[in-house]
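Visitor: Have a look at the structure that comes next, please.
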Amino acid sequence: MYSGHWSENVKFLFAKKVKNTFFLWAFLVGLSLAFISLLSASTSSWATVPTGMQDWWVGKLPAWVPKPKEPAHNLMTTAKVELGRHLFYDKRLSANQEMACATCHLQEKAFTDGNAVSKGVTLEAGARSAMPLANVAYMPVLTWANPNIQSLETQALIPLFGEHPIEMGMAGREQALMQLFATDKTYQVLFNQAFPQLSNMAKKDKNALYNLATMTQAIASFERSLLSFNSPYDQYKYGGKTNAISESAKRGEDLFFGEKLECYHCHGGFNFTDNSDHERLKFPEQGFHNTGLYNLDGKGSYPSHNIGIAEFTGQPLDMGKFRTPSLRNVALTAPYMHDGSIVSLEQVITQHYALAGKASAGPNGTSPIKNETLVGFELSPQELKDIVAFLNTLTDTQFIQNKAHSDPWKK
Ligand code: HEC
Ligand code: HEC
């Protein structure tokens, strides 16, 4: 149990595939070259843009939003974002050539897939719901319940090469993938533009440029570029547009931030989650909570394939603790919760939070280990409309229509 998915998923990086010399070689060479060249370009730690290099973030964020942290070895550039966008939308990155990252992360659904749980290339169902990617740059920990995954560069390897569950099914096909990049005209140009410091070395050895390190750095850069700060609520709250949201939504806002519903305790801050990291924070904020969704045994247990961070910490009281999701664009990300078990926003309120957890309606009653701020509440029909109206104001249509985030292969 304790070793969990994470080690299962990356074990292949260090054990099973060691026999595959191309893979190991390309990976290690790529990684060290990337580090050496970037270290020589920048002398210091996080997020210091070397002199002469333009800071990608300038002009990208509204004044009221802090800048996210970016790793010093992978500072944002327009060229890396563009390469990452091509990779994110490329179905050739899967075993059956039919699945891209974008298959489960659709822009029109705020980068979710509309399914309760996702299916990979083998059609085996995974345990959890695909997650929205807006403002993922600010997330200090990734996925629903794995405290060990803290970088987008690392996370990208999981859908590509992970075997529990199989998503894109590329384990064992690393060589073919690098071959694709090295021979495809579009990728040749994009990789050279994204990693100009490796271009020269690649003339002697293509693995210096086409490897897992450069690939994941580009994908992560694209993901960090997915910024969503222009919902009607943002325009109302920070843009001074008093009529950007309805009177009903304004009453819903009061409910959301009030002590009856207590939503803001966990879904607080500019991203509507208590998980946050940015340049003004010394230590990242992390929030994993049990919301009382299940109580299978009277002691608060969850279905065995989805027990939350307890799978990694081994602590019984971590049973059912999942990362608080951001509520930005939440109207587009149904069905809800880690397992997609609640179909609508109305039901999230009436059948879950109002009852102090959905389990309260079941045979074993309210979970004894749910978060104590969740005590349930009664809402009038108008108040229910108001809170849902408020949640609907968090939809940023500019974000889901932004061409910079869309499929570059569609001409
Ligand atoms: C088969 C569907 C599927 C594919 C393909 C897929 N994902 Fe996901 N993605 C998911 C699911 C499901 C989760 C939640 C995983 C979990 O909690 O265990 C997720 C979570 C994530 C997260 C975490 C977001 C957060 O807020 O913590 C990121 C980032 C991500 N995916 C990026 C990618 C990238 C990059 C690719 C392509 C290399 C990709 N995904 C391919 C289904 C998919
Ligand atoms: C104690 C912290 C906490 C409080 C308080 C809280 N939430 Fe949540 N919320 C979470 C966590 C954690 C999840 C994910 C739980 C899971 O999947 O098992 C979640 C999930 C959700 C989701 C599903 C989002 C998605 O993408 O699937 C919605 C919607 C939501 N909460 C709305 C609310 C509203 C509205 C309130 C106030 C009535 C509220 N929350 C109060 C922690 C909290």
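Visitor: Tell me which of these S276 doesn't satisfy, since it passes every other one: (1) among the small types (G, A, S); (2) out of contact with any strand residue (DSSP E or B) (no Cβ under 8 Å at 6 or more places or on another chain); (3) under 26 Å from L317 (Cα atoms); (4) more than 11 Å from ligand 2 (Cβ to nearest atom).
Guide: (2)
Visitor: Kindly establish whether I342 is touching a helix residue (DSSP H, G or I) at 6+ places or on another chain (Cβ under 7 Å) and surrounded by fewer than 22 Cβ atoms within 10 Å (Cβ to Cβ).
Guide: Yes, satisfied.
Visitor: May I pose another question? For the structure I just gave you, tell me whether L142 is aliphatic (A, V, I, L, M), free of Cβ contacts under 8 Å to residues at least 40 places away in the same chain and under 30 Å from P62 (Cα atoms).
Guide: Yes; evaluated as a whole, the condition is true for this residue.
Here is a yes/no grid of residues against (1) within 11 Å of ligand 2 (Cβ to nearest atom); (2) touching a helix residue (DSSP H, G or I) at 6+ places or on another chain (Cβ under 7 Å); (3) assigned to a loop (DSSP other than H, G, I, E, B); (4) of a type in the set (D, E):
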{"residue": "G300", "(1), (2), (3), (4)": "no, no, yes, no"}
{"residue": "L317", "(1), (2), (3), (4)": "no, no, no, no"}
{"residue": "P325", "(1), (2), (3), (4)": "yes, no, yes, no"}
{"residue": "F377", "(1), (2), (3), (4)": "yes, yes, yes, no"}
{"residue": "D386", "(1), (2), (3), (4)": "no, yes, no, yes"}
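Visitor: Residues in segment 305-313: is at least one closer than 28 Å to N392 by Cα and modelled with pLDDT of 95 or more?
Guide: Checked segment 305-313: at least one residue is closer than 28 Å to N392 by Cα and modelled with pLDDT of 95 or more.
Residue-wise test of (1) touching a strand residue (DSSP E or B) at 6+ places or on another chain (Cβ under 9 Å); (2) surrounded by 22 or more Cβ atoms within 10 Å (Cβ to Cβ); (3) more than 30 Å from M76 (Cα to Cα); (4) modelled with pLDDT of 95 or more.
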{"position": "Y238", "(1), (2), (3), (4)": "no, no, no, yes"}
{"position": "N243", "(1), (2), (3), (4)": "no, no, yes, yes"}
{"position": "R280", "(1), (2), (3), (4)": "no, no, no, no"}
{"position": "D297", "(1), (2), (3), (4)": "no, no, yes, yes"}
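Visitor: Check off (1) in contact with a Pro (Cβ under 7 Å, 6 or more places away or on another chain); (2) away from ligand 1 (no atom under 16 Å from the Cβ) for T373 and give me the number that stays unchecked.
Guide: (1)
Visitor: Go through segment 132-240 and tell me which helices (runs of 4 or more DSSP H), entirely inside it, have 3 or more residues that are within 16 Å of ligand 1 (Cβ to nearest atom) and in the same structural domain as R280 (by TED's automatic domain parsing).
Guide: Of the helices (runs of 4 or more DSSP H) lying wholly inside segment 132-240, none has at least 3 residues that are within 16 Å of ligand 1 (Cβ to nearest atom) and in the same structural domain as R280 (by TED's automatic domain parsing).
Yes or no, residue by residue, for (1) at pLDDT 95 or above; (2) surrounded by 14 or more Cβ atoms within 10 Å (Cβ to Cβ):
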{"residue": "F14", "(1), (2)": "no, no"}
{"residue": "K19", "(1), (2)": "no, no"}
{"residue": "F27", "(1), (2)": "no, yes"}
{"residue": "M53", "(1), (2)": "no, no"}
{"residue": "P62", "(1), (2)": "yes, no"}
{"residue": "E70", "(1), (2)": "no, yes"}
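Visitor: Given the condition at pLDDT 95 or above, in a helix (DSSP H, G or I) and either more than 7 Å from ligand 1 (Cβ to nearest atom) or in the same structural domain as H305 (by TED's automatic domain parsing) (or both), answer yes or no: does some residue in segment 116-126 qualify?
Guide: no
Visitor: Where residues in segment 338-360 are under 19 Å from F390 (Cα atoms) and in a loop (DSSP other than H, G, I, E, B), which of them is farthest from ligand 1 (Cβ to nearest atom)?
Guide: S344
Visitor: Pull out all pairs, ordered by first then second residue, where Cβ-Cβ is under 6 Å, the residues are six or more apart or on different chains, the first lies in segment 241-267 and is among the aromatic types (F, W, Y), and the second is more than 6 Å from ligand 2 (Cβ to nearest atom) and not in a helix (DSSP H, G or I).
Guide: Filtered contacts from segment 241-267: Y264/F257.
Visitor: I would also like to ask the following. Would you call L293 within 14 Å of ligand 1 (Cβ to nearest atom), at pLDDT 95 or above and not aromatic (F, W, Y)?
Guide: Judged against the criteria, L293 is not a match.
Visitor: Counting only residues that are buried (at least 16 other Cβ atoms within 10 Å of the Cβ) and either polar (S, T, N, Q) or within 21 Å of L160 (Cβ to Cβ) (or both), how many does segment 199-212 have?
Guide: 7
Visitor: Still on this structure: Which pairs have Cβ atoms under 7 Å, sit 6 or more apart or on different chains, and link a residue in segment 160-180 that is touching a residue at least 40 places away in the same chain (Cβ under 8 Å) and over 15 Å from C101 (Cβ atoms) to one that is of a type in the set (V, I, T) and in a helix (DSSP H, G or I)?
Guide: none
Visitor: Still on this structure, I have one more. Test E259 against the stated conditions and say whether it is closer than 26 Å to N148 by Cα, more than 9 Å from ligand 2 (Cβ to nearest atom) and assigned to a loop (DSSP other than H, G, I, E, B).
Guide: No; evaluated as a whole, the condition is false for this residue.
Visitor: Give me a count of the residues in segment 106-124 that are under 19 Å from the mean Cα position of the chain (by Cα) and away from ligand 2 (no atom under 13 Å from the Cβ).
Guide: Selection size over segment 106-124: 6.
The values are calculated or read from the model by the stated rules, or taken from the named source; none is laboratory data. It should be emphasised that the depicted structure is a prediction, and the values quoted were computed from it without experimental measurement. A quick note on method: Cβ atoms are made from the backbone with ideal geometry, for glycine too, and the neighbour counts reach across all protein chains shown.
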